[in-house]
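The values are calculated or read from the model by the stated rules, or taken from the named source; none is laboratory data. Computed from a predicted structure; not experimentally measured. A quick note on method: Cβ atoms are made from the backbone with ideal geometry, for glycine too, and the neighbour counts reach across all protein chains shown. Each accessible area value is taken on the protein alone, full model and side chains, heavy atoms only, with ligands, DNA and RNA left out. Shrake-Rupley method; radii C 1.70, N 1.55, O 1.52, S 1.80 Å.
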Amino acid sequence: MKKLLLKIRNYTEESLRRQLEFYLFVWVLLPMTLVTALLFLEAGDKMKEQALVHVRQRSLAIGQQIDKFVAGIVNVSDNFAYDEEIEEMIEADYRNRSLEKQKDIYNLQSYFTKTDPFNKNERISAIYTKDKAVFNLENPYWDKDEVEERMVSLGATDRSSLSMFRWHPLQDNFLSPQTEVPVRQKKVVVGVRRILHPFIGSWMYTQFFCVDEEKIFELYRESAAEMEGQMILLDENDGLISSSNESFVEAGKVPQELLDSIRNLDSGHPEIHFEDQKHIVEIMELEENNWRLVSMVPVSVATAPVNTLFKKIVAALAACVVICGFLLSWLSRRFLKPVEVLDASMKEVYDGNLEAYVKPELYNGEIQKMMVYYNAMLVQINHFIEEQIAGEKKKKELELEVLMGQINPHFLYNTLENIVWKSNEAGYPDIGRVAASLGRLYRLSIGNGEILVSLRQEVEHMMAYVAIQKNRYKERIKFDLTADMEQIRQYSIIKLTLQPIVENCFMYAIEGIDRMLKIRVDIQIRQDILVIRVADNGSGLTRQQLDRVRKQIENGRIQSDGKGEQNAPPAHFAENFARKRRRQGAGIGMYSVKERIAIYTGFQDSIKIQSRSNSGTIVTIRIPKLPFEDKNNQ
């Protein structure tokens, strides 16, 4: 047998043609098995779909019952949250008065019975007060220290929960001593709610509801038996609330293997393996809380009728053997030749020839489409390589600019320090402050030649520039910065991103206005991006000017409409021309910022500008968040 298999393997590996002949031969011999399996799978899928619909309907009905049950407990909590009987009891001092305490507990139990004589709703199981007093309403004699410790561990004093109702997964009932009782009566689900004062919001006491697992199980016991499957109720942290599998209830948790399968469940193929069986699974989120109802039905139960159908189909498919024999030779000639052409071309590509295109016009049908896609793939690969080369070239050019800017600047620093000293000595401190700000600005812009700097350093660089301009414009300028300085220290940004944008406000926004220029910079850190918004109330841009600046930001070229200057009076031609050229330079500066962001982060379309004439301008920069510690890797 081994020798035969080896001969077949050697025969099929010699060429693709022989492989195709072998597979077609197998199809001729075994069509019955193939077609039968396909029909069997199709019928099985139909049965599974019907079973899933049935399970979903059952789960919906059960979920509504559980939601109603939980809502009833929450309603009881609301009704007694500020009850006078409870408030009177928790405010009393029971130190050295244990008998009076037990008597009041029995009176409170009687009070609950009067409000619910038919015992339709759950009752408060225990109360924990702000004075660390424990009122065990289930067993007044059982108030040991471990009961208080358990209450605190379940969140009796947890301020973060505010007054929300929180559920804890299945556990032993800590309000009563453990006795020989059925496991479903021994295990409880604990609901906890802190009651706050309605006016001052201070903590008054905490309610505890210990619900027997058996009560929840009774809500779906008949449905689980009818479906011949299992039902599991989980909380948002996959903690067990209830299950039709008593072994899960006794263990107080679901096996980790089953939990992993439920977490990784494919919604398009809701099946898992558990206990050597494949199960159909339906997961439903309950509306009242974050619980999940997991319903599991064995596939063998759902697809039992298909097994009989499988035997009936076998006889009807025997005729396929003869038909497939005639197809063997035709398929071999029809498809192998174009495949061999593609194979030869791929080998050329593997050897480095990216121009090894094929001629799809010689073929038709799917083979022609495959060749068209293959040629398109080669075109895209070549285009991608060209873009990568161009991008690396741009990146190297920018790095070269940075390296060229790293000429030792100490002589300039020393000169500026001399100016500061001389100006202070001569009694001109304003000149000293401007020179100091200029030195700070220059030092931050040069840095250590890094492309990426911390966002906080970039903000300091911008503020040094603002200090220079405020010294010039005095009270005509008001500048506001909104940012969390400690938080922005954690992120990186490309150097010289903020200063060019703010510089535009000083250069253009202040022209022709008779009011104080207000500039506001707002830095926000969102999920995956940094959003920087620079706004001013300056002269703004007309519609034509805004369109021109946006085009400059997009392609970097100064757009000239060729109008305006030739019709202007000669005396004002130079002034108008200079003002227009300065305003055109605004788009060029923002284009440079946008290009550097695109090259170093891959983030396109990072700058947006909005403006209205005589109202102001808003520039928004969006860039990916780059952690400061990873800036060198980035």
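A few comments on the model shown:
- Solvent accessible area, Å² - K215, 1.4 Å probe, full protein context: 90
- Ordering of 248-255, 124-131 by burial proxy (mean other Cβ atoms within 10 Å per residue, highest first): 124-131, 248-255
- Cα centre as origin, Lys/Arg/Asp/Glu Cβ charges: region 210-266 dipole, Debye: 80
- Computed magnitude of the charge dipole of region 129-219 (debye, nearest 20; Cβ of K, R +1, Cβ of D, E -1): 420
- Were the residues from Q50 through R159 laid out at 0.36 nm apart, the gain over their Cα-Cα distance would be 34.4 nm.
- Note on M370: accessible area is roughly 100 Å² with a 1.4 Å probe, heavy atoms of protein only.
- Too-long pairs where the Cα-Cα distance tops 32 Å, listed order kept, from K7/K347; K278/K312; K46/K120; K478/K625: K46/K120
- Histogrammed with a bin width of 10 Å, the alpha carbon distances of region 51-155 distribute as 12, 37, 28, 12, 8, 2, 0 percent, first bin at zero.
- Only Lys, Arg (+1) and Asp, Glu (-1) charged, at Cβ; region 71-227 dipole about Cα centre in debye: 220
- Rounded percent of accessible protein surface that carbon and sulfur make up, region 130-193, 1.4 Å probe: 47
- Label zone at Q544, where the point sits 7 Å out along the Cα-to-Cβ direction: region 495-531 residues whose backbone N lies under 19 Å: 512
- Remark: region 600-613, residue by residue, has Karplus-estimated 3J(HN,Hα) of 8, 10, x, 8, 8, 6, 8, 10, 10, 10, 10, 7, 9, 4 Hz, where x stands for each Gly or Pro and the curve is 6.51 cos²θ - 1.76 cosθ + 1.60 at θ = phi - 60°.
- Selection from Q552, A483, I493, by position along the positive dipole direction of region 459-554 (Cβ): Q552
- Neighbour net charge for E122 - beta-carbon separation under 10 angstrom, K R +1, D E -1: +1
- A 1.4 Å probe run over the protein chains yields, for region 441-534, 46 Å² of accessible area per residue, whole-number rounding.
- With all protein chains modelled, accessible area of E246 [1.4 Å, Å²]: 100
- Here each label is just a point 7 Å from Cα along the line to Cβ, and for E250 and Q109 those points are 3.0 nm apart.
- Peptide ranges 610-622, 98-110 listed from the most packed, as the mean C-beta count within 10 angstrom indicates: 610-622, 98-110
- Across region 235-288, Cα-Cα pairs more than 14 Å apart make up 60 percent of the total.
- The Cβ shell under 10 Å around I621 holds other residues with a net charge of +4, Lys and Arg each +1, Asp and Glu each -1.
- Mean Cβ count within 10 Å, highest first, over the residues of peptides 510-523, 179-192: 179-192, 510-523
- Solvent-accessible area per residue, Å², over region 62-162 with all protein chains present [probe radius 1.4 Å]: 61
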